[in-house]
Each structure stands twice: as structure tokens, then as C-alpha cells.
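One structure is given below, encoded as C-alpha cells.
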Amino acid sequence: METVKIVLRDQEYEVKGGMTLRDALNQLGINRESVLATRQGELITDDEILRPGETIRLVAVISGG
Amino acid sequence: MKCRKCPQKAVINMRQHKLALCAVHFPQWMVEQTQRFIQKYRMFTPEERVLVAVSGGKDSLSLWDILWQLGYQVDGVYISLGIDGGFGYSQKSQALCEKFAAQRGLKLIVVSASDQVGLTIPELAAVTQRGKDKPCSVCGLTKRHILDRVALEGKYDALATGHNLDDEVAVLFGNTLNWNVGYLSRQSPVLPARHPGLVRKVKPLCRFYEREMAAYALVRGIEYIYEECPHAEGSTTIYYKTLLNQLEADRPGAKLSFYLAFLRAKEKGLFAQFFPEEEGLGAGGEVLHTCPNCGGPTTLEGLCAFCRMVDKVHEMGKQT
């Protein structure tokens, strides 16, 4: 499988493997300041290369009423 | 990306500080920085007793965790608001606070808004019709009243809240857009008690980005309520935070420098004329009276806004 699944709340996105997380977020229009990314429960920085077939879960960080 | 302090992989890159840290050094840095801010802004001392207002969210539980690690005398207070939102928001957040406290052997005070007023926050908002169609105004008024009362009754020296830099900058941005100098003059990491019915308010997390707070909670394994308050959806605060994060993405450090430059301007007396230093005076220099019912401050003579609201509810109850 070539693609990487990116999950943010109840939204699922797919991007090509081999690009950096930063590029993937840019491509999806997700502001990197508003999320944290986890790979198998561990936080990763946005220079990480995404591996084909993996799932990256994003944690939204903005809250407040 | 490697950690600045060791060969391990970084878990967060804080571009505004040009600092990337690993899962060991990042939480250590957060704790050290919090201690630095507590001292810099003279929030409280180790001899003083601190009450932390916890909501079950990432910021307040992380704050409690940090203060506990630093060895401060710190208890928590949770206010049950009776908000359900279809997923038991209040129930779930209370359970998380109780679990957090039990795991660390900390004291948690739980106060129910409906025990105090006779109605949950959504019911109170519907009855009083305060704040248009949202209960946020009623919620804020009730929480401020209860937190001051609990802190004073428990003889705490300070009430700590989990406001982070994004919270502070969103408020600052909104008040600057409207040039609301009264509110601008009051915004500070420390708000001294200016009336016997108030307790000192402190914000030890005011210089951490919201992203760092979420990262801290994840790295420390703190279980927090991820779902947003159902009434916060579409709020102005979230809108401002989103705008400010767009700015931050293009110009790392923009949020921090906006806030710090504001604090420096305040120190130089930019808003001094709007917020007199004397105790017993409100933000606009008006005399603070004492509510004959609860002892809290009020800018008008007679009952304070909270007691007026409760009175109104009781009157309506008698009529039905």
C-alpha cells in the first residue's frame, strides 16, 4: 500500500507515503500549529517521513469557549 | 529531529524558541519554566496554599500535575456544571479529575452548580435568558462566584487557572480589536485580590502555547477530556485562536511576542490610568461595594450580579 492514512477527529485523509508530515499537512490544508501528530501513540515532529501503509493520528489542540 | 539536550528523537519542536526536546527533557523543561514564571510574576510562594481550578481539560490537569511535581501545597476544585451535550460532558470531565487526584493522592473539592443555584448551567441560562442563546455568560458568572467562595472559605492564598498563552492572546486580540482598555488594563499573569471577597488569581501557564500543553498531557499520560464543551462550538475565542495560529504558522513566535510586548507596555504604564492600583477600586476606578448576601464585590450598591441572578431564579420559581 502506497498511501498513509491521517486521522483528525472523525475525518480521515489519505496522502502518499514518502513525504514529510509537514508537506502532508500543507497538502491537506491543516495548520501545523493547531495539531500534534502521533505514530503508534508516540508524538512525532513534522520533519518525519511518512511510511507507506501507516496511520498518523492528529490531536487537535485548540479548545475554549 | 533530535532533542537539543540528548541524542533521542524530539517529540516536539517549539519553533518560537528554536527548541526541540525529547519525551524526557520536554516535560522537565515545562516544569522548570513554570517555576520560573511563578517566581518572575510573583504568583505565590512555597509557604502559600494554592487552589487549582480544574475542568478535566489538558491545561488545568497539566497545571495541577506541574505544581504537584514542584512540591507546592496545592488542592483542586472542580465545578460540576450539569452540561451533557449528548455524551455526558460534565460527568466525564468530573470522573477524569477524580481519577487524576486519586492517582496522585491529591485533594479534590467538587462543587455542584445546581446545588448552589438549584439549576444546572444550561437550565439557568434558559431561565434567566442571560447571554442570548448561549450559556457561556451564565457559566462564567457562576464559576467566578463559586471559585472565589471556595478559595476564601478554604483560606487559600491564590487561585490558579490553566489559561495558556493561546487563551491569553485570543483575549488580548479581541480586546485590542475593540480597544477595550478596561479589560486590557486588567489582563495580567497575576490579578491581586482587590476586595475582601476576592482571592488572588494566577495563571502559571500563561507563556506556554496550547500545543505545548497538549503535548505535555500526552507525554505525561494525563487522561483529559478531548471533546470540546458542546457550547464552545463556533465561539469567538476559537475563531481568534484559529486566526492567530495562521499568523504563527507563517511567523513563528508571533503569538508570544504579541503577548510579551503587551506585558512590557503595561509595565511601562500604558494602561495604568484605567486600572488604579488601590484595593477596593474596580477596573474603571469605580468603588467596589460589598454584596450584602455573599460578601463578594459589586460595582453597584446592593446584590452582586450572581446573587441578583439567583434571586431572579427564586422569584420565578415562586411564580410557577
Among B:252, B:307, B:209, pick out the residue whose Cα is farthest towards the positive end of the charge dipole of chain B, where Lys and Arg carry +1 and Asp and Glu carry -1 on C-beta, about the Cα centre. B:252
When the charge dipole of the range B:23-277 is computed with +1 at the Cβ of Lys and Arg and -1 at the Cβ of Asp and Glu, the Cα pointing farthest to the positive end, of B:25, B:270, B:118, is that of B:270
Any chance you could check the Cα centroid distance between the range B:204-220 and the range B:223-273 for me, in angstrom? 14 Å
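May I ask you to sort B:100, B:37 by Cβ crowding, counting other Cβ atoms within 10 Å and putting the fewest first?
B:37, B:100
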Calculate the dipole size of the protein assembly as shown relative to its Cα centre from +1 charges on Lys and Arg beta carbons and -1 charges on Asp and Glu beta carbons; express the result in debye to the nearest 20. 840 debye
Please compute P(r) over all alpha-carbon pairs of chain B, binned at 10 Å starting from zero, and give each bin as a whole-number percent. 5, 24, 35, 27, 8, 2, 0, 0
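Could you give the size of the charge dipole of the range B:24-124 about its Cα centre, using +1 on the Cβ of each K and R and -1 on the Cβ of each D and E, expressed in debye and rounded to the nearest 20?
300 debye
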Computed for the range A:3-60: size of charge dipole around the Cα centre, +1 on C-beta of each Lys and Arg, -1 on C-beta of each Asp and Glu, debye to nearest 20, value 80 debye
Within 10 Å of each residue's Cβ, count the other Cβ atoms and sort B:191, B:244 from fewest upward. B:191, B:244
The range B:1-112, convex hull of Cα, quarter of hull surface, nm² -> 9.0 nm²
Name the lysines eligible as straight-distance cross-link partners of residue B:107: C-alpha to C-alpha under 28 Å, and not fewer than 8 places from it in the same chain. B:40, B:58, B:92, B:99, B:143, B:155, B:201, B:203
Per-residue [θ]222 nm for chain A (sum of -39500 (n - 2.57) over DSSP H runs n ≥ 4, rounded to 500): -3500 deg cm²/dmol
Helix-only mean residue ellipticity at 222 nm, chain B, DSSP H runs n ≥ 4 weighted -39,500 (n - 2.57), per residue, nearest 500. What is it? -14500 deg cm²/dmol
Based on a Kirkwood Rh over C-alpha pairs, give the Stokes-Einstein translational diffusion coefficient of the protein assembly as shown at 10 °C and viscosity 1.306 mPa s in µm²/s. 71 µm²/s
Quick check on the range A:3-60: what are the equivalent-ellipsoid semi-axes from the Cα gyration tensor, as sqrt(5λ), descending, whole Å? 14, 12, 12
Distance between the range A:5-44 and the range B:1-44 - C-alpha centres, whole angstrom: 23 Å
Could you rank the peptides B:150-161, B:51-62 by their average count of other C-beta atoms within 10 Å per residue, with the highest value first? B:51-62, B:150-161
In which sequence would A:19, B:316, B:30, B:309 go, from the one with the fewest C-beta neighbours within 10 Å to the one with the most? B:316, A:19, B:309, B:30
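The numbers here are math on the coordinates, done by the rules we state, and not lab data. Model, not experiment: these values are computed from the prediction. Heads up, the Cβs are rebuilt from the backbone with ideal geometry, glycines too, and the neighbour counts pull from every protein chain shown.
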